Each structure stands twice: as structure tokens, then as C-alpha cells.
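Since the structure comes first, as C-alpha cells, the remarks are kept for the end.
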Amino acid sequence: MEQASTQHEVQTPIQNAFSQTFFHGTKADLKIGDLITVGFNSNFVDRKLKHIYLSATLNAAVWGAELASGEGRERIYLVEATGPLENDPNVTDKKFAGNPTMSYRSLHPFKVIGEVTTWQSHTSEQIRAMKDGLEKLKQLGNFVIEE
């Protein structure tokens, strides 16, 4: 007859069992499972960037969707990072001390895992003021995205 073992089998924990979910605001029409990768034109400047951007706050993603160039519908996707993230230097400490917007960037793709379909837009006056401010910075040569 076998004796019950008093030793417990050691199990390796699942890596990243509950990954952090982030937000990505855009006008791109994406589907669950799509990867957001580098190599496409930025939402904000007419050129391709080395990084892609996301935020852990819905408000920052709302601004991303509202300010994105293009004619598509404003969208906010839930995304998971597939590689390391770093603070977005275009926001962190330049515009806000620390990183209150929890904005990050990466060289690695973001996987679309869902879409936020109900969210509160900023007022048309707030959006116009932000767009006018960005346009003024561009005209002055001060709208620079640090890559």
C-alpha cells in the first residue's frame, strides 16, 4: 500500500497571470488581437515615430483619441504591453512633474484586448483650446516629440 507523501509539490507560478491593462486613444479601426506597432504615422505629427504610446489613465487616452489626426471615429482601446515600458518623456517632467498622466512608451507592440465604448469626451471648447495651443506650438517650432 502506498503512503501519502507529506511533501508538497513545488509549482512554478504563472508568469504575468494578471497583466496591467493600459489605454490607447486613436482614430485607427482595430480589432481584438491586433498589435499596435511602430512603423505607422503618429496620431499627432506627420511622421513615423520609433515608439508607440499608451496610458494607465482613461483621461489621457481620451485626449489621445480626441487629438488624433485623421477622419476616423475616436476610439479608446484596452491594450497590454508585450515588452518593457518607459515614462513618456514628452509629458513626464516637461509638462507635469512626475508622471501623473501615467503615460508611457515602448518599442514593443501593444496587443488590443478590448475597446472602451462609453467614455466622457472633453467639451468642444476644451478640445478646440488644446488643438489651438498645439498649433501655436507647431508654428513657433516648439512642438517637438522627443524620440
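Rule-based calculations on the coordinates, nothing more; no lab input. Keep in mind the model is a prediction, meaning the values are calculated, not measured. No Cβ is skipped: glycine too gets one built from the backbone with ideal geometry, and neighbour counts run over all protein chains shown.
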Task: Cα gyration tensor category, rounded, prolate or oblate, for region 22-140 with a/c compared to 1.5 - done: rounded
Open item on the list: If I take R0 = 22 Å and measure r between the Cβ atoms of residue 41 and residue 97 in this structure, what FRET efficiency does the formula 1/(1 + (r/R0)^6) give, to the nearest 0.05?
Closed with: 0.10
- [ ] May I ask which of 111/131; 48/136; 27/131; 48/138; 50/111 have a Cα-Cα span longer than 20 Å here?
- [x] 111/131; 48/136
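Counting pairs of alpha carbon atoms under 8 Å apart in space and at least six apart in sequence, what relative contact order in percent does region 22-140 give?
About 33 percent, as a whole number.
Within 10 Å of each residue's Cβ, count the other Cβ atoms and sort 53, 104 from fewest upward.
Working: 53 26, 104 22.
Least crowded to most crowded, the residues run 104, 53.
In what sequence do 101, 57, 37, 117 fall when counting other Cβ within 10 Å, fewest first?
Values: 101 19, 57 15, 37 12, 117 7.
Lowest to highest Cβ neighbour count: 117, 37, 57, 101.
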TODO: Pull out the extension gain between residue 108 and residue 126, defined as 0.36 nm times the separation in residues minus the alpha carbon to alpha carbon distance; nm, one decimal.
DONE: 3.3 nm
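Among 51, 122, which comes first, second and so on when ranked by fewest other beta-carbon atoms within 10 Å? Walk me through the numbers on the way to the answer.
Values: 51 19, 122 15.
Going from sparsest to densest Cβ surroundings: 122, 51.
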